[in-house]
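The structure under discussion appears below in the form of structure tokens.
Just so you know, all these numbers are worked out from the coordinates, no wet-lab data involved. Predicted model only: the values in this text are computed from it and were never measured.
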Amino acid sequence: MFSIGGAYVYRLAVAPEGSEDWTIEGRKGGTLTDLWGVCSSSDAFTATMFMQWDDDDCYYKADKSAFASFYPTDRHRQFALRELRAHVCATLAGPIASQIHEGEEHIYVDEGEYSRTDDITKAQGMARLLYWRNEYDYLAELTEQTLRRPDVWAMVLCLADELERIGDMDDEQLSGFLPGEVPNWPPSPRAKPIHIEALRIAPLETTAA
């Protein structure tokens, strides 16, 4: 989902089955703990600059006015908003994909674990920087619809199988397992829908070869 939205994925890694103390070195240094999987992608700088974690209430505060005033022109602002929407979708993709894989018909993204590392909580915080009401619900539905596309889901499964096999994939190993960027995706809730054309399913070709 990061790739569809235009972000660059540097690495994917998952903990070995049965591991109780898995750690991994972060892309910018430091050791990451208490995680069972990592997706290292290009940063959502538009979000992190204007979000602050509240330890008392366990949620991300968002400074929407500062975000809006940071960009000098409407063109810059619209680009930043699209990038931010893409990161909300990508952050929600993990929890949503897990529920799809488990056969859930109704996807739940209303409540996370209320920790600063929880994907649903992070996505909700980023969505507070957006303009229109109910953007979070809209982006969650758009993410689910995209993941349920047969060609997209086929790529998810192929990537998951390879990741399960080797455990840690860098950007070179990910080549061919991720789709290209879909221009101007995701659209604003008030824009005309952008139809994703059938994606090249390179993983299936690679596996067959």
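Figures for the structure shown
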{"read-out": "Solution diffusion estimate, µm²/s, Stokes-Einstein, region 32-138, Kirkwood Rh from C-alpha pairs, 10 °C, viscosity 1.306 mPa s", "value": "107 µm²/s"}
{"read-out": "Volume per residue that the Cα convex hull of the chain spans, once the total is divided by residue count, Å³", "value": "142 Å³"}
{"read-out": "Computed over the chain: relative contact order in percent, which uses C-alpha pairs under 8 Å that are six or more apart", "value": "26 percent"}
{"read-out": "Contour excess over end-to-end distance, with Cα ends at D168 and A15 and 0.36 nm allotted per residue", "value": "54.2 nm"}
{"read-out": "Most fluctuating residue given options G37, G18, G180, as computed from a GNM of the chain linking Cα atoms under 10 Å", "value": "G18"}
{"read-out": "Evaluated over region 90-169, the Cα radius of gyration and Dmax, each in Å", "value": "13.7, 42"}
{"read-out": "Span-like helix ranges in the chain, DSSP H, alpha carbon extent 27 angstrom or more, Kyte mean at least -0.5", "value": "74-101"}
{"read-out": "Most mobile listed residue (S115, S98, S188) in the chain, GNM with C-alpha springs under 10 Å", "value": "S98"}
